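The block underneath contains the structure these notes are about, expressed in structure tokens.
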Amino acid sequence: MNAIMGMSHLALQTELNPKQHDYLKKIDGSARILLRLINDILDFSKIEARKLDIESIPFHLDEVFQSLSNLVADDIQEKGLEFLFDIAPDTPMNLMGDPLRIGQILNNLVINALKFTETG
């Protein structure tokens with residue numbers, strides 16, 4: 001899946017006619033959706049088997065937000081929306097926890113907002 005996403009991303013950086021660009025955008029979008037689904041299924045399997053490990057590592061919250069922004073940028077652009085983070089000034093950016101799981105939760109919230117509302 002990573003190869004499909006990587007190669008479609010690289011191909012989208014080249015000169016393409018509109019039809020080719022459209023095809024590659026659809027491939028890339030579908031691959032991202034499939035990857036999310038695969039990851040969710042794997043996580044559910046781990047939860048059921050009581051094997052899901054939650055990390056407790058230092059991380060920067062701004063990196064989680066940047067990654068989230070990169071993941072959902074195409075979906076947001078397709079809806080013609082603007083994606084803004086409204087973070088309270090006293091929110092600590094250096095945290096301990098599981099940045100992957102926090103990112104997954106935020107990603108699911110954003111994707112559901114985009115999917116089930118007109119304005120995200």
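Give me the percent of the accessible area of the chain that comes from carbon and sulfur atoms, probe 1.4 Å, all protein chains in place. Here carbon and sulfur together make up 59 percent of the probe-accessible area.
When the Cα gyration tensor is reduced to axis lengths a ≥ b ≥ c, the ratio a/c is 1.5 or higher for region 47-94, and with a/b not above b/c it is classed as oblate. Ordering of 76-87, 19-30 by packing is 19-30, 76-87, highest average first (other Cβ atoms within 10 Å, averaged per residue).
Please say if region 56-120 is rounded, prolate or oblate, where rounded means a/c under 1.5 for a ≥ b ≥ c the square roots of the C-alpha gyration tensor eigenvalues, and otherwise the choice is prolate for a/b larger than b/c and oblate otherwise? Prolate, since a/c reaches 1.5 and a/b exceeds b/c. Each stretch of four or more DSSP H residues adds -39500 (n - 2.57); spread over every residue of the chain, this sum gives -22500 deg cm²/dmol at 222 nm.
Remark: accessible surface ordering of Ile33, Ile57 (largest first) is Ile33, Ile57, probe radius 1.4 Å. Taking square-rooted eigenvalues a ≥ b ≥ c of the alpha carbon gyration tensor, is region 14-74 rounded, prolate or oblate, where a/c under 1.5 means rounded and, failing that, a/b exceeding b/c means prolate? Oblate, because a/c is 1.5 or more while a/b does not exceed b/c.
The values are calculated or read from the model by the stated rules, or taken from the named source; none is laboratory data. Keep in mind the model is a prediction, meaning the values are calculated, not measured. Glycine also receives a Cβ, built like all others from the backbone with ideal geometry; neighbour counts cover every protein chain displayed. Only protein heavy atoms, including side chains, enter the accessible area calculation; ligands, DNA and RNA are left aside. Shrake-Rupley method; radii C 1.70, N 1.55, O 1.52, S 1.80 Å.
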